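Below is one structure, written out as structure tokens; comments come after it.
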Amino acid sequence: MSKPEFVYVTYIASTPQKVFDALRDPELTKDYWGRGRPVSDWQPGSRWEYQHYDDASQVDVVGTVLECEPPRRLVVTWGKPGRTGESRVTYQIDDAFGAVRLTVTHDQLEGDPETAKGISQGWPAVLSSLKSLLETGEAMAMTKQRWGNCSK
């Protein structure tokens, strides 16, 4: 029996470094990820949080940095504050056809159908808006506003 996972692949007319930086830069994520910002020192073993950009006391996601290999790979755990259980998100950034292939794999979702449902709707919007931002300089309007939480 296969384990539940969500995989999203997109091609972005950019460089691996710009894509990698955009995944961690709060000034960019606030526009393509529902007014959120990732906070960490990005060292393996360090904590990371996904906070509301305008109110750092509102934390939607917490986890641990498992791998950070600029500009090609970032792996973090993903959990809800105050709840047990974590899933894992892997960002793989590769050169492809003169562009960047970004593959996001969100796995280890066993036992958390709420997160699995939320990310299946959230990741396509977030990553489409990231692509728009890097290619045109403008994120999609729907991702510039606060969502109920970052997994919806």
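Values in this text are rule-based calculations from the coordinates and carry no lab data. Keep in mind it's a predicted model, so treat the numbers as computed, not measured. We place every Cβ from the backbone using ideal geometry, glycine too, and count neighbours over all the protein chains shown.
Across the stretch 5-14, coupling constants 3J(HN,Hα) worked out from phi with the 6.51/-1.76/1.60 Karplus curve, θ = phi - 60°, read 8, 10, 10, 10, 10, 9, 10, 10, 6, 6 Hz, and Gly and Pro carry x.
List, in the order given, every pair from K3/K144; K3/K30; K80/K117; K18/K80 whose Cα-Cα distance in the structure shown is over 23 Å. Those over the limit are K3/K144; K3/K30; K18/K80.
Cβ-to-Cβ counts within 10 Å put R72, R24, R83 in ascending order as R83, R72, R24, the fewest first.
Tell me whether the stretch 69-152 comes out rounded, prolate or oblate; compute the Cα gyration tensor, take square roots of the eigenvalues as a ≥ b ≥ c, and use a/c under 1.5 as the rounded threshold.
Details: a/c = 2.41, a/b = 1.33, b/c = 1.81.
Judged from the Cα gyration tensor, the stretch 69-152 comes out oblate (a/c at least 1.5, b/c at or above a/b).
Matching the structure-derived percent of Cα pairs over 22 Å apart against the labelled list [x] 42; [y] 58; [z] 35 gives the label [z]. I want the local charge near P4. Using Cβ-Cβ distances under 15 Å, sum +1 for each Lys or Arg and -1 for each Asp or Glu among the other residues. Once positives and negatives cancel, what remains is -3.
Placing R0 at 22 angstrom, the Cβ-Cβ distance between D55 and S120 gives a FRET efficiency of 0.25 after rounding to 0.05. Note on A13/Q92: beta-carbon distance plugged into 1/(1 + (r/R0)^6) with R0 of 25 Å gives a FRET efficiency of 0.90.
Determine the dipole magnitude for the chain: charges of +1 sit on the beta-carbon of Lys and Arg, -1 on that of Asp and Glu, nothing else is charged, the reference point is the Cα centre, and the result goes in debye to the nearest 20.
Values: 18 positive and 21 negative charges, 47 e Å.
Computed charge dipole of the chain: roughly 220 debye.
In terms of surrounding Cβ atoms within a 10 Å radius of their Cβ, Y11, Y32, Y53 rank from fewest to most as Y11, Y53, Y32.
Which whole-number percent is the relative contact order of the chain (Cα, under 8 Å, 6+ apart)? Don't skip to the end; give the middle numbers.
Working: 334 pairs, mean separation 45.3, N = 152.
Relative CO of the chain lands at 30 percent.
Couplings 3J(HN,Hα) of the stretch 101-113, computed from phi: 9, 9, 10, 10, 10, 10, 10, 6, 9, 4, x, 9, x Hz, in residue order, whole Hz [Karplus 6.51 cos²θ - 1.76 cosθ + 1.60, θ = phi - 60°; x for Gly and Pro].
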